[in-house]
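Handing you this structure, nothing more for now.
Values in this text are rule-based calculations from the coordinates and carry no lab data. On a predicted model such as this, the values are computed, not experimentally measured, just so you know. Glycine gets a Cβ as well: all are built from the backbone with ideal geometry, and neighbour counts include every protein chain shown.
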Amino acid sequence: MIEIAISLAIVAVAMVAILGILPAGLNVQRENREDTIIDLEADYYLQLIRSSGMQFGPLFVADHVDQISVTRTNHSTRAANTVLYNRTRTTGLGFSWNSRQVIRKLLSTPSWDLGTVPSTPDAVFTPAQGLRIIEENEVRAIVRAIPGRASDLSPAYSDSALRYEMKVSIHPAVTPTIFSGYGQDNTTSTAFNNLNSAGPAGQGELLRQAALSSNLWEVELEIRWPVNNFDPAAGTYSLGRNSRTYRTYVAGTLEQDPRSRNLFVFNRGQYQTQ
């Protein structure tokens with residue numbers, strides 16, 4: 001009897017240890033699954049944005065994007081305005097939420113624009129201030145992950161789906177040291193001085209970078225998850241602590257859709273030469 005009691009005590013201690021490790025193992029499994037899903041989702045949406053100007057695309061993407069908000073901030077007036085788009089709020093877009101175009105065109109909204117740099121360089125930057133961005137856009141989307149149960153495809157039965165916030169930043173791929181007017185030694189850059197000198201020779205490297213800024217774009221996705229307490233009607237939610245950032249480049253021009261100031265498309269392979 002004593003031996004049996006000792007054996008049961010040993011088994012009990014082992015079971016307690018195993019049960020204590022089990023939740024940690026399940027958490028690691030869940031985190032690994034979410035990391036894999038986020039990697040797949042980021043690649044999917046980067047490709048979706050890169051192909052925003054093409055006449056094809058998945059029809060089901062609207063089933064996974066719950067909302068997109070575009071916040072436009074004017075740094076001259078310090079005024080900020082946020083427009084929320086979702087399945088029931090599409091005013092001014094010219095498309096229904098289920099269109100294969102509306103999601104990717106909203107996500108292609110640029111964060112800022114340098115304007116026509118070759119013709120009005122002083123309106124964009126100065127040696128003292130560097131880049132002076134007058135208007136800035138912030139695009140955030142609440143997305144339900146595509147990998148998951150079949151029931152998660154329907155907005156009516158999607159409470160258990162993995163939701164995440166995707167902040168999209170699209171801006172010209174410029175060289176900051178050149179556009180700021182300063183070189184690495186904190187003295188006025190030769191390129192900036194050449195631009196302000198007389199004659200064709202004064203165009204120099206700065207204009208080459210200016211032309212590049214119209215034809216090469218950096219796309220950045222900052223993904224944070226999970227999204228908790230999401231309220232579709234108000235558009236409010238809270239975020240977990242997980243985050244990852246993904247980047248890619250797109251060669252071509254970024255043009256505004258005439259139907260809305262918040263719809264843009266990438267024309268890959270088409271370049272602005274003037």
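Roughly what would the spin-label model give for Gln47 and Ser238, points 7 Å off Cα along C-beta, in nm?
In this crude label model, Gln47 to Ser238 measures out at 3.6 nm.
Oh, and also: Expected output is a single nm value to one decimal: the length gained when fully extending between Gln270 and Arg87, i.e. 0.36 nm times separation in residues minus the C-alpha distance. What is it?
Separation in residues times 0.36 nm, less the Cα-Cα distance, equals 62.6 nm.
With r defined as the distance between the Cβ atoms of Phe60 and Arg33 and R0 fixed at 25 Å, what FRET efficiency is calculated, to the nearest 0.05?
Taking R0 as 25 Å, the efficiency between Phe60 and Arg33 is 0.70.
Let me ask something additional. Just to be sure I understand the model, the point goes 7 Å from the Cα along the line to the Cβ. What's the resulting Arg247 to Ser160 distance in nm?
With each label placed 7 Å out from Cα toward Cβ, I get 3.9 nm.
Take Lys167 and Asn228, extend 7 Å from each Cα along the Cα→Cβ direction, and tell me the distance between the two endpoints in nm.
Going from the Lys167 label point to the Asn228 one covers 1.9 nm.
A further question follows. If you rank Ile37, Ile49, Ile10 by fewest surrounding Cβ atoms within 10 Å, what's the result?
Ranked by crowding around the Cβ, least crowded first: Ile10, Ile37, Ile49.
More than 17 Å apart: what percent of Cα pairs in segment 1-84 qualify?
Result for the distance tail: 74 percent.
Tell me, what is the FRET efficiency for Ala80 and Met15 to the nearest 0.05, using R0 = 45 angstrom and their Cβ-Cβ distance as r?
About 0.20, to the nearest 0.05.
Where does each of 1-7, 62-68 land if you order them by average Cβ count within 10 Å, highest first? Walk me through the intermediate numbers first.
Details: 1-7: 7.9, 62-68: 21.1.
Put in order of decreasing packing, that is 62-68, 1-7.
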